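Every read-out reported here was derived from the displayed coordinates using simple, explicitly stated rules and does not represent laboratory data. Keep in mind that what you see is a predicted model, and the values were worked out from it rather than measured. Every residue, glycine as well, gets a Cβ built from its backbone with ideal geometry; the counts of neighbours run over all protein chains shown.
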Amino acid sequence: MADHRLIVARSFRIAGVVIGLPSSLAALGLTVGAFLAGSGSGHKPQYLDISTYGIAGLISNAANGVGGVLSFLNGVAAWVFGLMAVLAVATALFGGLLYLVGRGLRASRPWARGLGIAMMALLTFHSLVGFALLRGGPRLLDGLILAGAIYALWVLGWRFRAPISDTRVQE
């Protein structure tokens, strides 16, 4: 007979790895990108007198203006990369939390059960809202997520038992 708690615990751990590892890599890449984009030369352009230098001065001043605009856009890109890196770190931490909850559920820890119920209740609420708003294929996918969340709530709320007696050889 299937132990439903183990199924939910394994699902939490798998979701933690699937969310956490790519998010960690994205956070690393975006952080490097933010530092690279933010490390500008800091060069202050010197504008030339057009009456002295003529057309060469005009072209040089136009190039300095374009360089200033591109430098500003580079700064904006650095801030966007930085914000995305912070969001990726938060997502990686959430993936780690999912993994830890899965380990706690495997060991029948009460804190993991409470945190798992809260997470699944929030996911159920969001899935119900999405189910009401979506149409077509995305609604089917949301329905599957909703069914999984309701199953996890059922397991954590009513089928949660004492620790499992492991018949395998302990390492």
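Annotations for the structure displayed:
- Value of [θ]222 nm, deg cm²/dmol, for the chain, DSSP H segments ≥ 4, -39500 (n - 2.57) each, nearest 500: -28500 deg cm²/dmol
- Database remark: amide H of Leu48 closer than 5 angstrom to the amide H of Asn61 (H placed geometrically; neighbours at sequence offset of 5 or more, or on other chains; Pro and chain starts carry no H).
- For region 22-171, with +1 on Lys and Arg beta carbons and -1 on Asp and Glu, the positive-most of Pro110, Leu140, Thr124 along the dipole: Pro110
- Förster radius 45 Å - calculated FRET efficiency between Asn74 and Ala121 (Cβ-Cβ, nearest 0.05): 0.55
- Which labelled figure in [x] 24, 20, 16; [y] 55, 20, 11; [z] 49, 17, 13 is semi-axes √(5λ) of the Cα gyration tensor in Å, once derived from the coordinates: [y]
- Extension gain for Leu141-Arg10 works out to 45.1 nm (0.36 nm per residue, less the C-alpha to C-alpha distance).
- Here the chain is treated with +1 on each Lys and Arg Cβ and -1 on each Asp and Glu Cβ, and its dipole about the Cα centre works out to around 840 debye.
- Leu25-Leu48 pseudo-label distance in nm [points 7 Å out on the Cα-to-Cβ vector]: 4.9
- Burial ranking of peptide ranges 20-33, 50-63 (average Cβ count within 10 Å, highest at the top): 20-33, 50-63
- Within region 13-56: backbone nitrogen closer than 20 Å to the Arg109 label point (7 Å, Cα to C-beta): 13-21
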